[in-house]
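For reference, the structure is listed below as C-alpha cells.
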Amino acid sequence: MLLQVKRILWKDLKLEARNLPELGGAAIFSIAASSLLGFSLSRLPVEDPLPLAGTGLMLIALFLSVFTSVMTVVREEDLGTLDGVRMSPVGPMIFFLAKLILAFILLEVLLTLSFVTTVGLSGWTEGAIYLYSLVASSGVYLSSISALSSAISVYLRARGVLLPTMILVLSLPVIQETLSFLTSGDYSFAVILAISGILFSLIASWLAGYILEV
Amino acid sequence: MLEFRDVWKGFGNGYVVRGISFSLGRGEMVAIVGPNGSGKTTVLRLASGLIAPSKGRVLVEGRDARTPEAKALLGYVPHYPPLYGDLTVRENLLYYAGLYGYTDLSNVDPVVKELGLSAFMDRRVAELSYGWRKRVDMVRALLHDPPLLLLDEPLSGLDDRGREWLIGFLDRAVSEGKTVVVTSPRADVELEAKVYQIKEGKLSALTG
C-alpha cells in the first residue's frame, strides 16, 4: 500500500516539476499576496502585528488551498488519466491518500514562502515563530479539505465557482479556531491543530473512498 | 472469465444498456459492433469495473468487476489512452506497472520491441501521435499479463503495421487462453471473433 502511495506521489511531484507555469504561478501569488501583507505590517500603526499577520496568512492559505485542490484529484480527471488509476487494483483510498500528501507538501511549501516573505518585508519577529507553527499546523487540515474538495469536484460541472466555495465553507472551522488561538502564545494549540488535522485527514480518506468509487 | 447477468445501465434519461446477458470462457474472443452511441463503450466500462451497473451483475472470474481482485485480472484499452503527456513513455509504463506491484518492464519487453516502441521510450507522450499513444496504451494494458483483455475500438488510429501486429497478437493471446473483448463501429471486424451487435442497448449474436 505504501509503495503504491509512493509511486503515485513520485509521479505527481515529477509532473509538478515539469509544469512550472502552474507551480510558478502559485509561488508568485504567494509572494505577491504576502508582500502586500508585509507592506501593511511595516506601514500601518499597529501595536501588535500578530492578529493582522495571522488573519492575512490564513486568507492566503485559503487561496493556496484552492490552487492545490486544482493540482490534485481533479487534475487527473482533466488529463483523462483518472480512469487509468480506477481500472487498476489501487483502491480509491490509497489514491486519495497520495493526493492528500501531495496537497500537504505543496501547501506547506507555499505557506512557508508566504511566511518568509511577510516576515522579511515587515521586519516583524516577535511571535512570528508561534504564528508559523499555527499556520503550518492548520495546513494539515487545509490540505485534507483541498484534496477532498478536489475529489468531489470531479463530478461537478460548475467547479470554477463551487470548488473555492466548498473549500471556504469547509475551512471556516479551522480558520476560526486558528485565529482564536493567535494571541495565546501557547504552542500546544499548534499541536492540537495538527492532531485534529490528521484525524480529519483519516475521515476525508474514508469519505473519498466512497466518492471516487461512484 | 467474464459474465454479464441481466445488466442494465442508465445515465440520466433512460438506459444505454438494456438487460445484457452473456458469458465468456478462457480462450474466447468476442467483437461487439454497433454505431456510435450504441452502448459499446459502456459495456466495456462495465466489464472493467469503471462504472457500476444500474441493475444486474458483472463478474470477472466470479468476482464483482468493481473489486481490486477482479481489476487485477483485466487489461482495458479505452478509446482515449489514459497517459500523462508530460511523462516519457518509460515513466508512464513504470508508473502503471507500480500500481500492479511491478518494479520493472521485463513483462512487456517483447511487446515493446514488436511494436517498435523501443526508440520512443524516452520521449514524452505529448510528443507522440495518437497512433503511437495507442500502442503505448496497449503495452500499459499488458503490464500485468492479464487473462482478460478489453479493447475499445483497438484498430482505429493504427497504421497497417500496427493493425497487422494487433490482429496477430490477439489471435496469439486467444490461443494462449486469454479472453478478449473488442468493440468496433464496423460489422466487418478483421478478427477471428464471435460477433455480437449492440443496438439501442440490446445485444444480439451476429456470428458464432
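Worth a mention:
The rows are residues; the columns are (1) more than 30 Å from B:Leu99 (Cβ to Cβ); (2) away from chain B (no Cβ under 12 Å); (3) in contact (Cβ under 8 Å) with a residue 40 or more places away in the chain; (4) aromatic (Phe, Trp, Tyr).
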residue: A:Val5; (1), (2), (3), (4): no, no, yes, no
residue: A:Leu9; (1), (2), (3), (4): no, no, yes, no
residue: A:Leu64; (1), (2), (3), (4): no, yes, yes, no
residue: A:Gly84; (1), (2), (3), (4): no, no, no, no
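- So B:Gly27, is it out of contact with any helix residue (DSSP H, G or I) (no Cβ under 8 Å at 6 or more places or on another chain), more than 30 Å from B:Leu128 (Cα to Cα) and not basic (Lys, Arg): no
Here's the yes/no breakdown for (1) under 30 Å from B:Leu117 (Cα atoms); (2) in contact with a helix residue (DSSP H, G or I) (Cβ under 7 Å, 6 or more places away or on another chain):
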site: B:Val7; (1), (2): no, yes
site: B:Gly10; (1), (2): no, no
site: B:Asn13; (1), (2): no, no
site: B:Val17; (1), (2): no, yes
site: B:Lys40; (1), (2): yes, no
site: B:Ala72; (1), (2): yes, no
site: B:Pro78; (1), (2): yes, yes
site: B:Leu87; (1), (2): yes, yes
site: B:Asn92; (1), (2): yes, yes
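- A count restricted to segment B:145-155 and to residues that are surrounded by fewer than 22 Cβ atoms within 10 Å (Cβ to Cβ) and either within 23 Å of B:Gly101 (Cβ to Cβ) or free of Cβ contacts under 8 Å to residues at least 40 places away in the same chain (or both) stands at 4.
- Matching residues in segment B:140-176 - criterion: being within 12 Å of the chain's Cα centre (by Cα) and either more than 21 Å from B:Ser48 (Cβ to Cβ) or assigned to a strand (DSSP E or B) (or both): B:Leu148, B:Leu149, B:Leu150, B:Leu151
- Checklist (1) touching a strand residue (DSSP E or B) at 6+ places or on another chain (Cβ under 7 Å); (2) surrounded by 22 or more Cβ atoms within 10 Å (Cβ to Cβ); (3) at pLDDT 95 or above applied to B:Arg124, failing item: (2)
- Options A:Ile60, A:Ile129: the member that is touching a Ser or Thr at 6+ places or on another chain (Cβ under 8 Å) and more than 14 Å from chain B (Cβ to nearest Cβ): A:Ile60
- Of the candidates B:Arg57, B:Arg18, the single residue that is buried (at least 17 other Cβ atoms within 10 Å of the Cβ) and more than 18 Å from the chain's Cα centre (by Cα) is B:Arg18.
- Test: residue in segment B:56-69 that is in contact (Cβ under 8 Å) with a residue 60 or more places away in the chain and more than 13 Å from chain A (Cβ to nearest Cβ): yes
- Residue count for segment B:121-139, restricted to those that are touching a residue at least 24 places away in the same chain (Cβ under 8 Å) and assigned to a loop (DSSP other than H, G, I, E, B): 4
- For segment B:177-201, filtering for residues that are part of a loop (DSSP other than H, G, I, E, B), of a type in the set (D, E, K, R) and in contact (Cβ under 8 Å) with a residue 40 or more places away in the chain leaves 4.
- All positions within segment B:33-50 that are assigned to a helix (DSSP H, G or I) and within 13 Å of chain A (Cβ to nearest Cβ): B:Thr41, B:Leu44, B:Arg45, B:Leu46, B:Ala47
- Condition met for B:Tyr80 (surrounded by fewer than 16 Cβ atoms within 10 Å (Cβ to Cβ), within 27 Å of B:Asp188 (Cα to Cα) and within 12 Å of another protein chain (Cβ to nearest Cβ)): yes
- If you filter segment A:177-211 down to residues that are small (Gly, Ala, Ser) and exposed (fewer than 13 other Cβ atoms within 10 Å of the Cβ), you find that the one that is nearest to A:Leu142 (Cα to Cα) is A:Ser180.
- Checked against the criteria, A:Pro45 does not count as without any contact (Cβ under 8 Å) to a residue 24 or more places away in the chain, over 24 Å from A:Ile94 (Cβ atoms) and within 14 Å of another protein chain (Cβ to nearest Cβ).
- Of all residues in segment B:92-105, those satisfying the criterion of being more than 7 Å from every other protein chain (Cβ to nearest Cβ) and on the phi < 0 side of the Ramachandran plot are B:Asn92, B:Leu93, B:Leu94, B:Ala97, B:Tyr102, B:Thr103, B:Asp104, B:Leu105.
- Qualifying residues in segment A:179-202 (those that are small (Gly, Ala, Ser) and part of a loop (DSSP other than H, G, I, E, B)) - the one farthest from A:Thr125 (Cα to Cα): A:Ser184
- Residue within segment A:142-149 that is surrounded by 20 or more Cβ atoms within 10 Å (Cβ to Cβ), assigned to a loop (DSSP other than H, G, I, E, B) and away from chain B (no Cβ under 14 Å) present: no
- Of the helices (runs of 4 or more DSSP H) lying entirely inside segment A:35-101, the ones with 1 or more residues being small (Gly, Ala, Ser), touching a helix residue (DSSP H, G or I) at 6+ places or on another chain (Cβ under 7 Å) and at negative phi are found at A:49-70, A:82-86.
- So B:Arg140, is it in contact with a helix residue (DSSP H, G or I) (Cβ under 7 Å, 6 or more places away or on another chain) and crowded, with 23+ Cβ neighbours inside 10 Å: yes
The values are calculated or read from the model by the stated rules, or taken from the named source; none is laboratory data. This is a predicted model, so every value here is computed, not measured. Using ideal geometry, Cβ is built from the backbone for each residue, glycine included, and neighbour counts are taken over all protein chains shown.
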